[in-house]
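To start, the structure under review is shown below, and the notes come after it.
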Amino acid sequence: MKTTNELIKTIKGLKSDLHRKDFLLTWEQSRDELQQVLDIAQVLKCLRGENIVTKVFGSGLGISVFRDNSTRTRFSYASALNLLGLAQQDLDEGKSQIAHGETVRETANMISFCADAIGIRDDMFLGSGNAYMREVGAALDEGFEQGVLPQRPALINLQCDIDHPTQAMADLAWLEEHFGGLDKLKGKKIAMTWAYSPSYGKPLSVPQGIIGLMTRFGMDVTLAHPEGYDLIPEVVEIARKNAKNSGGSFIQVNSMAEAFEGADIVYPKSWAPYKVMEKRTELLRAEDHEGLKALEKECLAQNALHKDWHCDEAMMKKTKGGEALYMHCLPADISGVSCKEGEVAEAVFEKYRIATYKEASWKPYIIAAMILARKFSNPGAVLEQLQKEGEKRIK
Amino acid sequence: MKTTNELIKTIKGLKSDLHRKDFLLTWEQSRDELQQVLDIAQVLKCLRGENIVTKVFGSGLGISVFRDNSTRTRFSYASALNLLGLAQQDLDEGKSQIAHGETVRETANMISFCADAIGIRDDMFLGSGNAYMREVGAALDEGFEQGVLPQRPALINLQCDIDHPTQAMADLAWLEEHFGGLDKLKGKKIAMTWAYSPSYGKPLSVPQGIIGLMTRFGMDVTLAHPEGYDLIPEVVEIARKNAKNSGGSFIQVNSMAEAFEGADIVYPKSWAPYKVMEKRTELLRAEDHEGLKALEKECLAQNALHKDWHCDEAMMKKTKGGEALYMHCLPADISGVSCKEGEVAEAVFEKYRIATYKEASWKPYIIAAMILARKFSNPGAVLEQLQKEGEKRIK
Amino acid sequence: MKTTNELIKTIKGLKSDLHRKDFLLTWEQSRDELQQVLDIAQVLKCLRGENIVTKVFGSGLGISVFRDNSTRTRFSYASALNLLGLAQQDLDEGKSQIAHGETVRETANMISFCADAIGIRDDMFLGSGNAYMREVGAALDEGFEQGVLPQRPALINLQCDIDHPTQAMADLAWLEEHFGGLDKLKGKKIAMTWAYSPSYGKPLSVPQGIIGLMTRFGMDVTLAHPEGYDLIPEVVEIARKNAKNSGGSFIQVNSMAEAFEGADIVYPKSWAPYKVMEKRTELLRAEDHEGLKALEKECLAQNALHKDWHCDEAMMKKTKGGEALYMHCLPADISGVSCKEGEVAEAVFEKYRIATYKEASWKPYIIAAMILARKFSNPGAVLEQLQKEGEKRIK
């Protein structure tokens, strides 16, 4: 791996517009911009490892808006804010359907007088999570231009209906660490596959985020799911184009075994078909509780037909040398542990448990890197200054 | 406007006892004390605008006690704490009727061992919100005198049954900014008028705060509401006396149109008659849910008789040059936007939308100024020191 | 009392392994280790009194996990974190029965990437609170050893089913302050007695914590309760052994009057028999709401037979010179104030009210001391550095 100094030098050389735009979908960012976030994250992690304070803000708030339950992302975001010197403040609006128009514009400004970052998780309503974030972003732009806000807060997508960029980027940082560099990922086969879970309605943002991002780096990405468990077609199309452009490949299969065959990396995870998510969104909007119950029942029965989509030891044997890297955004549904039958066998999970923790450990640094890249036009110089000052984090 | 240096010089010259008393009602403060808070707020806003850290505390907690829902005030208070270097900690006691006696004394001390500020919002119970704050204040005095507390936290009224001093002072700061100085307000006509809203039970603290404060500066204050929608008589009497003393005027009318006639500033906003608030307080205390429902129904029907109290374009035409400054504490009930028929027409609100955001933007600085004035006997010197040190807020 | 410099010198001379283990039960710590925490707490309190910043962390999170309602402990913990420079972040898992196995391991790691302290309150389930903390501790050890966590957070027991070490240690610090030194406690009689309360199910951790700790310092500890209101037998056995080893005594009586006779200190407080707590734990686990109601009814009736266990003025007259120090962890059930008939008469409580506040005021410093002792192998040197730097807390 590169040294901190080498990373800082690289960061300075990358072409990036991230200080002028919000990082809402990975496929809206250039290759250099993605690398900038990865490299900043790596420097922040190194500095912290060397007991150096990474505060770039002497004061300021970081706002969180969680429109869905969250523990991991909440703590990762809080950690990222803390790394940078911001104090966390939660906007608790409940999980009710999001407001629009004047309410969004006004609230966005009212919470931002002293805010340098706003992180939003909004993944429940297909078609509106990412759109809501853009509405908030536009309100912040207006507030800043009109002199209402003394600064334009960084807007962080903590999971939407389309993408989960902090997760996908943390996963990529982990792959970079594990395989020893971004260039080492070229030609590696990653299997993003559906897996059985005894719950329904798991968001699409993780599989979509993975196929949308991993296809940028020349990887051979295989998407596998039972027939009918489709992701949003537009995102699949983006993955296809990405693969072409990066010199990798993107294929779709309807068999977990086929996807695992010779894979370097496997990512077995449950999700709901996007058609179901559409229907669910309509029912949620209509507050049709009976309809929601019926849909859940129907989907669970449907899921139960595919219990063989299970990442067990036999399945793992099909991977390259039987030793593919298992990934998961956590928490996984572990058969015999967190549920009777789930996404992964206990023995497989246990073998890769620490690896999944390390995968997750990148998230605070990725989020912090996104904020830093949004707020500073020359993040390399800022990191260099932190390193030079070398203020001890623990006395 | 004055420069930061001029403001600091002015602050040093003002006679103030604010470091010895809590700022619970604007009319308990001298003219110099009000100006001190305004000037400190302005300096804090300037320093932040110049990217200078305004922390006066190296550590310490700021406690919040919200006995009613709040987003704007909550974030303003959190922002103020952050500006000064305090960490926010919420005391969540629910909205149940407030405790008294030993419970108050004890809780006040238990939460304050490391607290430098306590902000309380308690506006639901007519006759007890402000009284509760004084009870807390007395407990803090005792705790400090007896050596339980190493410091006496600043007590901040974040809205009570009588006054809303952080709102009224932020409104005044905005008027000062908008018109170019406190002295420019002399002779300006401000119309504080009731407006129709499809909700009931909105607190009296804003209109009372406005007539109690704006009458201190030689303004011509007109209070307008339909017959029966009276504010607390004692507060109206205070406004009357204030106007006399400041060389302004205070009149009451029963017509929105009359109030708007030739006004420089209009503040149309719904509230409930104080007699209704008294009745509601009794019912809340008795936990008489049926009674509360009946009262709400009755009041909404009563309100509906006054839908013509609507700030539309025709109404605005009556103001000075048709261009009076529209004010609101937000959120406003905007006809056709946040409700079918409300306080203000969409076109009027849209014209002044950014202005109302700027009005609101003063609140964090006003609250921070109140804390600073309470904790330092020579706030001018402290601000001077911040300016001299000039620590960068964003690296 | 010793000066700050003397205390720092003493701290440096004490033999302590606290930086290598969690402080989960007072009786697992050596006499030197207990003193180290007391002395660090005292230095922190002194430094703060001298307006000196006590931050030893330049950034970092402190996590709180409250599995039971809490105001006092919550604020003490938040204060402790703030004293040391950590930002508080709450993990809200509800009060549901605690998870085990993979869920605990995973969650412990997921919240700790940037955490330097984790405080847990888990006192509802007899037999599992302390065990849960050890499970978390083991997960943190593994995460740190495996390179998942860049640091091992200090684990703080904010009350479990067995002990309440932050309370007991704060109580001890108060006794040390009140009587002028740990050595002055030798031979003092302390009466830890049950008292009537109109509520049931109060945890055993306070009385158990008191008899487990005070027997370490040569005190004459008397435990008194009505027949059947037994504490956990293992803890009573520990107290007995402690007394023997420290040259003090430990006796049990079934009369409040007997316990108060000649006492220097009295600690009258309600609790539920451990057999009841066992039964309650089973019912809570089974979510047997009817059973819980029946148990409560039965216990309240049982309690009501012992209303004479009341700390009134007549009872206080029996103590040494009628002037024993009254202690309570607060809130006390005060007869005629917070309930009709309770643990203590109003006149007695009022006489010692400020004393109980001072007792409580030690808790933030004790918690901070525990974190500091866990994170630094040479806490004396760290405190010395803070003193030397002398950064002003309030400008």
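The values are calculated or read from the model by the stated rules, or taken from the named source; none is laboratory data. All of these numbers come straight from a predicted model, not from anything done at the bench. Cβ: placed from backbone, ideal geometry, glycine included. Neighbour counts: every protein chain shown.
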Sole miss for B:Asp264 among (1) under 23 Å from B:Glu237 (Cβ atoms); (2) charged (D, E, K, R); (3) touching a Lys or Arg at 6+ places or on another chain (Cβ under 6 Å) is condition (1)
Restricted to segment B:341-386 and to residues being surrounded by fewer than 17 Cβ atoms within 10 Å (Cβ to Cβ) and either touching a Pro at 6+ places or on another chain (Cβ under 8 Å) or away from chain A (no Cβ under 11 Å) (or both), the residue farthest from B:Asp171 (Cα to Cα) is B:Gln385
Can we say A:Glu296 is farther than 30 Å from C:Ala87 by Cβ, in contact (Cβ under 8 Å) with a residue 12 or more places away in the chain and in contact with a Phe, Trp or Tyr (Cβ under 8 Å, 6 or more places away or on another chain)? yes
Considering only residues that are surrounded by 15 or more Cβ atoms within 10 Å (Cβ to Cβ) and away from chain A (no Cβ under 14 Å), which ones fall in segment B:313-339? B:Met315, B:Met316, B:Lys318, B:Thr319, B:Lys320, B:Ala324, B:Leu325, B:Tyr326, B:Met327
Which residue pairs have Cβ atoms under 7 Å apart, sit 6 or more places apart or on different chains, and have a first residue in segment C:244-256 that is at negative phi and a second that is surrounded by fewer than 16 Cβ atoms within 10 Å (Cβ to Cβ)? C:Asn254/C:Glu227
Could you please find all residues in segment A:178-202 being in contact with a strand residue (DSSP E or B) (Cβ under 7 Å, 6 or more places away or on another chain) and either closer than 10 Å to A:Ala272 by Cα or at pLDDT 95 or above (or both)? A:His178, A:Gly187, A:Lys188, A:Lys189, A:Ile190, A:Ala191, A:Met192, A:Thr193, A:Trp194, A:Ala195
Of the residues in segment B:303-354, those that are in contact (Cβ under 8 Å) with a residue 60 or more places away in the chain, assigned to a helix (DSSP H, G or I) and over 14 Å from B:Ser270 (Cβ atoms) come to B:Lys320
For the list (1) closer than 22 Å to A:Glu391 by Cβ; (2) in a loop (DSSP other than H, G, I, E, B), I need the number of the one condition that C:Leu81 fails. (2)
Could you please let me know if A:Gln29 is away from every other protein chain (no Cβ under 11 Å), touching a residue at least 40 places away in the same chain (Cβ under 8 Å) and either under 28 Å from A:Arg280 (Cα atoms) or buried (at least 20 other Cβ atoms within 10 Å of the Cβ) (or both)? no
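Would it be correct to say that B:Ser76 is buried (at least 19 other Cβ atoms within 10 Å of the Cβ), touching a Lys or Arg at 6+ places or on another chain (Cβ under 6 Å) and of a type in the set (S, T, N, Q)?
Working: buried (at least 19 other Cβ atoms within 10 Å of the Cβ): yes; touching a Lys or Arg at 6+ places or on another chain (Cβ under 6 Å): yes; of a type in the set (S, T, N, Q): yes.
Against the criterion (buried (at least 19 other Cβ atoms within 10 Å of the Cβ), touching a Lys or Arg at 6+ places or on another chain (Cβ under 6 Å) and of a type in the set (S, T, N, Q)), B:Ser76 qualifies.
Report yes if A:Ser128 is farther than 29 Å from C:Ala115 by Cα and either assigned by TED's automatic domain parsing to the domain that holds A:Met277 or not charged (D, E, K, R) (or both), otherwise no. Full working, then the answer.
On the way: farther than 29 Å from C:Ala115 by Cα: yes; either assigned by TED's automatic domain parsing to the domain that holds A:Met277 or not charged (D, E, K, R) (or both): yes.
Judged against the criteria, A:Ser128 is a match.
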Subset of segment A:172-194 that is touching a residue at least 60 places away in the same chain (Cβ under 8 Å) and in contact with a Gly (Cβ under 8 Å, 6 or more places away or on another chain) - its residue that is surrounded by the fewest Cβ atoms within 10 Å (Cβ to Cβ): A:Gly187
Is it the case, given these coordinates, that C:Lys15 is modelled with pLDDT of 95 or more, within 11 Å of chain B (Cβ to nearest Cβ) and either within 18 Å of the chain's Cα centre (by Cα) or not in a helix (DSSP H, G or I) (or both)? no
As an exercise: evaluate A:Ile371 against (1) touching a strand residue (DSSP E or B) at 6+ places or on another chain (Cβ under 8 Å); (2) of a type outside the set (Gly, Ala, Ser); (3) farther than 25 Å from A:Thr71 by Cα and give the number of the one condition it does not meet. (3)
Just one of the numbered conditions (1) free of Cβ contacts under 8 Å to residues at least 40 places away in the same chain; (2) farther than 25 Å from C:Asn303 by Cβ is not true of C:Trp362; which one? (1)
Odd one out for B:Ala369, checked against (1) assigned by TED's automatic domain parsing to the domain that holds B:Val53; (2) in contact with a Gly (Cβ under 6 Å, 6 or more places away or on another chain): (2)
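Can we say B:Val56 is in contact (Cβ under 8 Å) with a residue 24 or more places away in the chain, within 29 Å of C:Ser79 (Cβ to Cβ) and surrounded by fewer than 23 Cβ atoms within 10 Å (Cβ to Cβ)?
Details: in contact (Cβ under 8 Å) with a residue 24 or more places away in the chain: yes; within 29 Å of C:Ser79 (Cβ to Cβ): yes; surrounded by fewer than 23 Cβ atoms within 10 Å (Cβ to Cβ): no.
Answer is no for this residue.
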Scan of segment A:35-72 for residues that are within 14 Å of chain B (Cβ to nearest Cβ), in a strand (DSSP E or B) and closer than 22 Å to A:Gly137 by Cα, ordered by number: A:Phe57, A:Leu61, A:Gly62, A:Ile63, A:Ser64, A:Val65
Considering only segment A:141-150, I want to know if a residue exists there that is closer than 20 Å to A:Val37 by Cβ, among the aromatic types (Phe, Trp, Tyr) and surrounded by fewer than 20 Cβ atoms within 10 Å (Cβ to Cβ). no
Quick test for you: out of A:Lys351, A:Lys363, A:Lys375, pick the one residue that is more than 25 Å from A:Gln151 (Cβ to Cβ) and either in the same structural domain as A:Gln36 (by TED's automatic domain parsing) or among the basic types (Lys, Arg) (or both). A:Lys351
B:Ser59 vs (1) under 18 Å from the mean Cα position of the chain (by Cα); (2) closer than 18 Å to A:Gln88 by Cα: all pass except (1)
